Amino acid sequence: MIQMYNVSMIYPNGVKALTDVSLHVRKGDFIFLVGPSGAGKSTLTKLIFREELPTRGQIMVNGINIARMKDKEVPYLRRKIGVIFQDFRLLPNKSVYDNVAFALEVAEASSKEIKKLVPAVLKLVGLTNKADMLPTELSGGEQQRVSIARAIINNPIMIIADEPTGNLDPETSWEIMNLLVEINKLGTTIIMATHAKDIVDGLKKRVIAIENGRVVRDEQKGAYGYES
Amino acid sequence: MKVRTVGYYFQEALTSLRRNGLMALASVGTVAVALLILGGALLTVLNANNIMKSVENELLISVYLQEGVDETAIGDLEQQINDTPGVAKSRFISKEESLEKLRQQFGETKGSLEFSRNPLPDSFEVNAEKSNLVKGIADKIRGLSGVEKVNYPAEVVQKLSTLVEWVRLIGAVIIILLALAAVFLISTTIRLTVFARRREIGIMKFLGATNWFIRWPFVLEGVFLGLAGALVSGLILYFVNFYIVEAVKQFPFMRVQTDMKDVYIILGSLLGGGIFIGAIGSVISVRKFLQV
């Protein structure tokens with residue numbers, strides 16, 4: 001699914017975000033990216049998503065070398081990758097339904113598909129009866145569910161989540177994690193950067209630890225490994 | 001491009017026009033003023049050209065010869081006239097021909113034009129190549145031997161041609177300046193829209209929107225602004241021209257005949273100009289401020 005070979009990333013201002021990172025992600029993996037703030041977790045997710053280009057090294061996503069990909073092919077890569085953020089990034093003046101439908105509109109889907117898919121996905125995340133509400137009328141957990149619905153509606157091959165539980169209380173965080181685990185069971189690869197020790201230790205998934213831009217640990221059924 | 005997607009572009013463009021009310025109004029106003037002057041200048045030139053065209057036949061230089069110039073001298077004179085730079089053609093009109101022409105013009109009162117001796121002189125009808133050459137040619141011919149008198153409707157023609165030149169020049173300068181101002185205002189309006197929607201644009205990007213999917217609503221917005229300005233200026237010009245032409249028609253000697261086809265061409269070019277200004281303005285903003 002993802003192969004990285006000797007990837008280094010140096011930002012134009014000279015910050016060395018990643019140094020010589022090589023890793024392989026298999027289809028269906030559930031991966032926690034852990035490590036101190038500023039270690040390079042976000043940069044790693046941005047590279048997969050091609051928000052940034054690596055300074056050195058090659059990155060294969062789903063068999064395509066994205067370091068050599070043309071700019072105009074990028075949108076089609078992104079439609080295969082769902083993204084979830086700590087701050088949800090929903091459109092405040094669109095309803096829950098429209099926020100989820102927006103992902104399909106952007107991908108230029110037909111209105112028939114939209115009418116078919118949106119209710120199905122809202123049902124999956126348990127928000128069928130809040131479809132007409134605005135994001136501001138929802139709790140944080142519900143907003144994150146909307147953003148998960150939006151991330152999965154294009155049937156992505158993987159989901160990248162950047163601290164998806166960072167703004168949520170522990171109980172709601174677990175609800176969101178259970179949802180992600182369900183989605184993972186349906187075959188979607190999940191890569192999640194997080195600082196939530198309880199969750200990483202509780203779920204016992206693959207853990208990749210990054211410090212100072214280097215992969216220092218990569219274990220199956222790993223633990224968080226830092227004091228929280 | 002799907003119909004549904006095009007519908008989305010239009011909807012987004014219209015929504016943000018409503019949101020930017022005042023700026024949009026200022027842009028439309030500037031475009032309207034710029035195009036008003038463009039259209040005004042075009043109409044002035046068009047009408048002046050029409051008047052000039054109607055005066056063009058009278059723009060002939062009439063050269064009257066002295067009494068008793070013989071045929072060889074007339075031949076020499078014709079040669080000299082034709083050799084004068086700027087002369088398009090010349091035609092000799094004998095005194096008999098002139099009389100015949102006069103008789104035709106006053107056909108019914110034939111009897112009153114019976115003379116024992118033809119009082120009319122021999123003459124030449126000389127056509128200049130351009131209106132601004134008329135004076136020079138007339139002055140040269142006046143100096144030739146055997147020439148009694150040279151007539152031409154100098155003042156009208158000369159003044160008209162200078163007017164047309166000035167309208168063209170000043171019009172061009174003002175139009176360019178105003179068009180630049182309009183482009184600037186439209187690009188500022190679009191920039192405000194881009195700024196107001198930067199969050200949405202960011203979301204669109206990570207959802208996998210193509211660059212043109214993001215750009216189209218902004219480009220359309222600019223085109224709408226330009227088009228609205230063009231419509232305003234077109235309407236104003238249409239009615240102003242209508243009233244002026246009606247007023248001028250009161251004077252019989254002013255043969256103002258505005259061909260409706262020309263008016264439609266001018267209105268069409270105003271619309272084209274508006275769309276062009278709008279598109280340029282938004283493309284500038286979209287390129288600079290929409291780093292997609």
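Since every read-out is calculated from the coordinates, none of them should be taken as a lab result. Since we're looking at a predicted model, the values are computed, not measured. Glycine also receives a Cβ, built like all others from the backbone with ideal geometry; neighbour counts cover every protein chain displayed.
Footprinting exposure proxy ranking of B:Thr84, B:Thr193, fewest other C-beta atoms within 10 angstrom first, gives B:Thr84, B:Thr193. Panel order for B:Lys159, A:Lys70, by other beta carbons found within 10 Å of each beta carbon, from fewest to most: A:Lys70, B:Lys159. In a reduced charge model with +1 at each Lys and Arg Cβ and -1 at each Asp and Glu Cβ, the stretch B:61-151 shows a dipole moment near 400 debye about its Cα centre. Once the chain from B:Val6 to B:Val240 is taken as fully extended at 0.36 nm per residue, the excess over their C-alpha distance is 80.5 nm. For chain A, the Cα gyration tensor yields ellipsoid semi-axes of 29, 21, 15 Å (square root of five times each eigenvalue, largest first, whole Å).
Annotation: average projected area of the protein assembly as shown is 37.9 square nanometres, based on the convex hull of Cα atoms across all directions. From the square roots a ≥ b ≥ c of the eigenvalues of the alpha-carbon gyration tensor of the stretch B:61-151, which class results: rounded (a/c under 1.5), prolate (a/b over b/c), or oblate? Since a/c reaches 1.5 and a/b is larger than b/c, the shape of the stretch B:61-151 is classed as prolate.
For the stretch B:61-151, the tally of Lys pairs with Cα-Cα distances below 30 Å comes to 20, considering only residues 8 or more apart or on different chains. What the phi angles of the stretch A:67-72 give under the Karplus curve with 6.51, -1.76 and 1.60, with θ = phi - 60°, is a coupling list of 5, 9, 5, 6, 3, 6 Hz, glycine and proline written as x.
The value of relative contact order for the stretch A:110-165, using C-alpha pairs under 8 Å at least six residues apart, is 36 percent.
Ordering A:Ile59, A:Ile191 from the fewest to the most neighbouring beta carbons within 10 Å gives A:Ile59, A:Ile191. Its Cα gyration tensor gives the stretch A:117-224 an equivalent ellipsoid; the semi-axes, largest first and in whole Å, are 27, 15, 12.
Measuring nothing but how far apart in sequence close Cα pairs (under 8 Å, 6+ apart) lie, relative to its length, the stretch B:61-151 scores a relative contact order of 51 percent.
Can you work out the FRET efficiency for the pair A:Lys115 and B:Leu14, with r the C-beta to C-beta distance and R0 = 22 Å, to the nearest 0.05? After rounding, the FRET efficiency stands at 0.40.
Think of it as helices only: each DSSP H run of n ≥ 4 in chain A is worth -39500 (n - 2.57), and spread over all residues that comes to -9500 deg cm²/dmol at 222 nm.
Only aspartates and glutamates eight or more places from A:Lys130 in sequence, or on another chain, were considered; those with a Cα closer than 15 Å are A:Asp98, A:Glu142.
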